[in-house]
Amino acid sequence: MIDEKTIKDVIEVCSLGIWKDTEVLSYCEKRGIDSTTIREWRLGAFPEDPNQLYSLYLKIKSAAAQSVLRLADGYFESPFFKNRLTIPVNDCFGTCIAMMGRTTLPGDEYKQHDFPKYYNTHYPKTRMLFGLDRAIPAAIRTREIYIVEGNLDVITAHQYGLKNVVATSSSSISSHQLSLAARYAEKIILALDADEAGQAGIARAMDKHASAAKQLGIELVPYKFRSGKDLDEALRGGGLVW
């Protein structure tokens with residue numbers, strides 16, 4: 001398992017490298033992600049050649065360069081990390097514990113190569129909600145949390161001013177994720193994707209967590225988008241989401 005210190009080093013380098021990666025910047029532009037959001041969320045670009053991580057790191061730091069040298073022939077040598085927008089994953093205290101990479105290749109291309117859409121370093125995904133560290137103030141103020149699937153949905157929502165949005169990073173909601181949300185909100189809106197998997201995930205959650213929600217004193221509310229297949233598309237489409 002890669003250590004958190006090394007992951008932080010990689011994120012730092014990738015967050016600098018993104019400004020030289022025209023492909024990843026073009027992908028961000030297509031997704032409507034502006035430069036301010038890129039900086040605020042420390043989004044980055046994983047280089048085509050992992051050795052570039054080491055050479056770039058030496059330019060910005062001299063200390064701890066040895067940890068980054070590991071990346072040239074270890075965990076991050078995997079082709080799954082190429083052509084990816086990198087996204088830091090924080091716990092609820094804002095501590096970075098993992099890194100996720102989202103492919104910038106179009107669907108037909110990455111499927112042909114048998115690449116997953118998302119690829120991340122190991123972390124307890126079912127025990128976390130992406131973006132919770134940033135959503136807590138708005139959730140406490142409104143007493144509401146919107147749970148979506150994708151990390152980029154959260155990032156887009158925050159850019160549009162919707163701060164009480166978090167993601168499961170899957171089409172399922174675990175009991176631990178529900179209890180995390182319940183710490184800060186009384187009303188939890190399940191806004192998973194509008195596709196079959198997302199809608200099935202909402203139905204499962206409403207059934208599976210009904211008893212727990214009652215015990216926790218929270219209200220579970222299923223949400224259906226008026227337009228788009230997810231929150232990101234709905235917001236970028238200019239439609240009124242809620």
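Remarks
- Some residue of region 213-225 being closer than 20 Å to ILE136 by Cα and touching a residue at least 60 places away in the same chain (Cβ under 8 Å): no
- Residue match in region 25-43 (condition: under 16 Å from the mean Cα position of the chain (by Cα), part of a strand (DSSP E or B), of a type outside the set (D, E, K, R) and surrounded by 21 or more Cβ atoms within 10 Å (Cβ to Cβ)): no
- Taking first residues from region 21-36 that are in the same structural domain as GLY101 (by TED's automatic domain parsing) and touching a residue at least 60 places away in the same chain (Cβ under 8 Å) and partners that are assigned to a helix (DSSP H, G or I) and basic (Lys, Arg), the Cβ contacts under 8 Å between residues at least 6 apart in sequence or on separate chains come to ARG31/ARG236; GLY32/ARG236.
- Whether a residue is closer than 18 Å to THR37 by Cβ, among the hydrophobic types (A, V, I, L, M, F, W, C) and in the same structural domain as ALA182 (by TED's automatic domain parsing) was assessed, and ILE155 passes this test.
- Filter pass, LEU180 being part of a helix (DSSP H, G or I) and among the hydrophobic types (A, V, I, L, M, F, W, C): yes
- Out of TYR110, TYR123, sole residue that is touching a strand residue (DSSP E or B) at 6+ places or on another chain (Cβ under 8 Å), surrounded by fewer than 24 Cβ atoms within 10 Å (Cβ to Cβ) and either of a type in the set (Asp, Glu) or assigned to a loop (DSSP other than H, G, I, E, B) (or both): TYR123
- Region 174-197, residues that are over 24 Å from ASP91 (Cα atoms) and crowded, with 17+ Cβ neighbours inside 10 Å: ALA194
- Candidate set from region 1-23 (those that are aliphatic (A, V, I, L, M) and within 16 Å of the chain's Cα centre (by Cα)); member that is surrounded by the most Cβ atoms within 10 Å (Cβ to Cβ): ILE7
- Residue count, region 159-176 (criterion: modelled with pLDDT under 95 and in a strand (DSSP E or B)): 0
- Count of region 204-232 residues, restricted to those that are touching a strand residue (DSSP E or B) at 6+ places or on another chain (Cβ under 8 Å), outside any loop (DSSP other than H, G, I, E, B), modelled with pLDDT of 90 or more and not charged (D, E, K, R), is 7.
- Test: LYS117 is in contact with a helix residue (DSSP H, G or I) (Cβ under 8 Å, 6 or more places away or on another chain) and outside the structural domain of VAL89 (by TED's automatic domain parsing): no
- The residues listed here are SER174, SER170; of these, the one that is among the hydroxyl-bearing types (Ser, Thr, Tyr) and under 28 Å from LYS30 (Cβ atoms) is SER170.
- Residue check for GLY94: modelled with pLDDT under 95 and either among the aliphatic types (A, V, I, L, M) or under 19 Å from ARG39 (Cβ atoms) (or both): yes
- Taking region 142-158 as the range and being more than 14 Å from the chain's Cα centre (by Cα) and either crowded, with 24+ Cβ neighbours inside 10 Å or part of a helix (DSSP H, G or I) (or both) as the test, the residues that pass are THR142, ILE145, TYR146.
The values are calculated or read from the model by the stated rules, or taken from the named source; none is laboratory data. Predicted model, so just to flag it, every value in this text is computed and none were measured. Positions of Cβ are generated from backbone atoms using ideal geometry, with glycine treated the same way; all protein chains shown enter the neighbour counts.
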